[in-house]
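Read through the structure below, which is laid out as structure tokens, and then see the notes.
The values are calculated or read from the model by the stated rules, or taken from the named source; none is laboratory data. No experiment lies behind these values; they were computed from the predicted model shown. For neighbour counting, all protein chains shown are included, and Cβ atoms are generated from backbone atoms with ideal geometry for every residue, glycine included. What goes into the accessible areas is simple: the full protein's heavy atoms, side chains included, and nothing from ligands, DNA or RNA. Shrake-Rupley method; radii C 1.70, N 1.55, O 1.52, S 1.80 Å.
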Amino acid sequence: MPHFIIEYTSNIKSAAHIPALLEKANKILISKSPTFPIGGIRSRAIELEDYYIADGQADDAFVHATLKIGSGRSEQVKAAVCDELFTMMKDHFKELYDQRYFALSMELYEFSEAGTYKWNNIHGRFKQQPR
């Protein structure tokens, strides 16, 4: 962990530059190591074909992000990373926001490690490399 998950409406696909957004998110999360172990960072996007926004009368669009993290980080750390991610997202989508009806949102989801299952040998690669 963390996992950064973007859901976005298909009507902005060509202008949203989602791969660049995911790369920016990973760079922010990597900069927080060791708070967030690099080998556990995942960013992904889900394009939404079926959606209905507001009254359905305009070509509205949205992007919603979820940051999933395991419990144990301080409120200050959580607020700082969320603030940095959301600021990056606002900058990334500024042109879209200025050109059309657009909603951007993000939520933090913190969970207990109990009940999660993981099998990951990626962490070992980063433990072997000097930083």
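When the Debye formula is applied to the Cα atoms of the chain, each taken as the same point scatterer, what base-10 log of I(q)/I(0) results at q = 0.12, 0.15, 0.19, 0.22 Å⁻¹? One equal scatterer on each Cα of the chain leads to -0.52, -0.77, -1.10, -1.33.
Computed over the alpha carbons of region 76-131, Rg followed by Dmax gives 17.4, 47 Å. Computed from the C-beta positions of ASP83 and SER10, the FRET efficiency with R₀ = 22 Å rounds to 0.15.
For region 1-50, what does the equivalent ellipsoid look like in terms of its semi-axes, each the square root of 5 times an eigenvalue of the Cα gyration tensor, given largest first in whole Å? Intermediate results must be reported in sequence, preceding the final value.
Details: eigenvalues 122, 23, 6 Å².
Computed over region 1-50, the values are 25, 11, 5 Å.
Normalised by the number of residues in the chain, the mean separation of alpha-carbon contacts (under 8 Å, six or more apart) gives a relative contact order of 34 percent.
Apolar share of the accessible surface for region 59-131: 52 percent from carbon plus sulfur atoms, 1.4 Å probe. Looking at region 26-131, the chymotrypsin sites (Phe, Trp or Tyr not before Pro) that sit in a DSSP loop and have at most 16 other Cβ atoms within 10 Å of their own Cβ are TYR51, TYR52, TYR101, TYR117, TRP119. The C-alpha atoms of the chain define a longest principal axis, and helix 18-30 lies at about 30 degrees to it. For SER14, the accessible surface of its heavy atoms amounts to roughly 110 Å² (probe 1.4 Å, protein chains only, rounded to the nearest 10). Length gained on full extension, MET106 to PHE126, computed as 0.36 nm times the residue gap minus the Cα-Cα distance: 4.3 nm.
Protein heavy-atom accessible surface, 1.4 Å probe, per residue over the chain: 63 Å².
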